[in-house]
Amino acid sequence: MILMSQNSLLDEGRDPELDAWYIEHLTNMSSVPGIFSAQRFKTATAGFPRTVALYSVVSERAFDHPFYKKIKGFGVLTPYINEREHHVDLFEGLDAAPIADDADRLLLANRDRPKGPIAGIPFIWLKCVGRDFSTPHRGIAVVSADHVPVLDDSVAVYRPVTIRFEGSVGDSLGNLSENRDGA
């Protein structure tokens, strides 16, 4: 599962503060049992929240952990978050967030129904299963920064702004793993 947290600031002048805050937050999030990776991205694509953080999640039960409850949210930066562009959604369709580095771009598209490729790029279509339900389905793809095709305004192009913080999969699974068949 992938938890995606999208947001923008009311005052972009506070961007350096949010950047610094996110480093500690991603480190903390990747250490929550049940969350085994965390990475942040930014976009200049109009009509989309400026940033997205992707978290690889073993189970929705990770959000019940006391440490998660302690660190969730934006803390002292909460008043500066544009709530109209703040969406937290949980998606199924991939076991982990894709790996992206500085030479890559993350493409995201929201749809009512899964769609095939966009501009020749094969997207993986995720189904929203929890949290804000800001979109029924989100397409996700990672492409080389050198090979981003011309896209219409329904697809955002995000660049990585942090490393991928990795938690311990063994520790993350603990008592949170569950049979994929729901048993």
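What follows draws every value from the coordinates through simple rules; no lab data is involved. These numbers were taken from a predicted model, which means no experiment stands behind them. Neighbour counts run over all protein chains shown; Cβ positions are idealised from the backbone, glycine included.
I need Thr162, Thr135 ordered by Cβ neighbour count within 10 Å, fewest first.
Thr162, Thr135
Fewest to most neighbouring Cβ within 10 Å: what's the order for Val142, Val57, Val32, Val129? Show your work: numbers first, answer last.
Working: Val142 17, Val57 28, Val32 25, Val129 13.
By the 10 Å Cβ count, ascending, the order reads Val129, Val142, Val32, Val57.
If each of Phe67 and Glu24 carries a label point 7 Å out from its Cα toward its Cβ, how far apart are those two points in nm?
Between Phe67 and Glu24, the simple spin-label model gives 1.6 nm.
Give me a comma-separated list of calculated 3J(HN,Hα) values for region 120-129, in order, Karplus coefficients 6.51, -1.76, 1.60 applied at θ = phi - 60°, integers in Hz, x for any Gly or Pro.
Working through the residues one at a time gives x, 8, x, 9, 9, 9, 9, 9, 6, 10 Hz.
Report the charge-dipole magnitude of region 2-167 in Debye, nearest 20, computed about the Cα centre from +1 at each Lys and Arg Cβ and -1 at each Asp and Glu Cβ.
Dipole about the Cα centre, nearest 20: 380 debye.
Straight-line reach from Lys127: which aspartates and glutamates have Cα under 16 Å away, leaving out those fewer than 8 places along the same chain?
Partners within reach: Glu60, Asp89, Glu92, Asp95, Asp112.
Explain nothing, just the number: relative contact order of the chain, from Cα pairs under 8 Å at least 6 residues apart, as a whole percent. Spell out each step's value before the answer.
On the way: 385 pairs, mean separation 58.0, N = 183.
In percent, rounded to a whole number, it is 32.
Could you please report the charge total around His147, scoring K, R as +1 and D, E as -1 over all other residues with beta-carbon less than 12 angstrom from its beta-carbon? Please report the intermediate quantities before stating the final value.
Working: positive: Arg105; negative: Asp104, Asp146.
Net charge around His147: -1.
I need to check one value: relative contact order of region 40-101, counting alpha carbon pairs closer than 8 Å and at least 6 residues apart, in percent.
Numbers: 28 pairs, mean separation 22.1, N = 62.
Relative contact order, region 40-101: 36 percent.
Could you order peptides 109-115, 25-31 by the average number of other Cβ atoms within 10 Å of their residues, highest first?
Working: 109-115: 13.7, 25-31: 19.7.
Order by mean packing, descending: 25-31, 109-115.
Is there a quick way to get the dipole size of region 126-169? I mean about its Cα centre, with the Cβ of Lys and Arg at +1 and of Asp and Glu at -1; what is the value in debye to the nearest 20?
Working: 5 positive and 5 negative charges, 42 e Å.
With Lys and Arg at +1 and Asp and Glu at -1, about 200 debye.
So what is the 222 nm mean residue ellipticity for the chain from helices alone, if each DSSP H run of at least 4 adds -39500 (n - 2.57) and you divide by all residues, rounding to the nearest 500 deg cm²/dmol?
-4000 deg cm²/dmol
Take Leu106, Leu94 and order them by how many other Cβ atoms sit within 10 Å, fewest up front.
In order of increasing Cβ crowding within 10 Å: Leu94, Leu106.
Apply 1/(1 + (r/R0)^6) to the Cβ-Cβ distance of Glu83 and Val150, taking R0 = 35 Å, and write down the FRET efficiency to the nearest 0.05.
That gives a FRET efficiency of 0.60.
When Lys and Arg each count +1 and Asp and Glu each count -1, what net charge do the other residues less than 13 Å away from Trp125, Cβ to Cβ, add up to?
Here the charged neighbours net out to +3.
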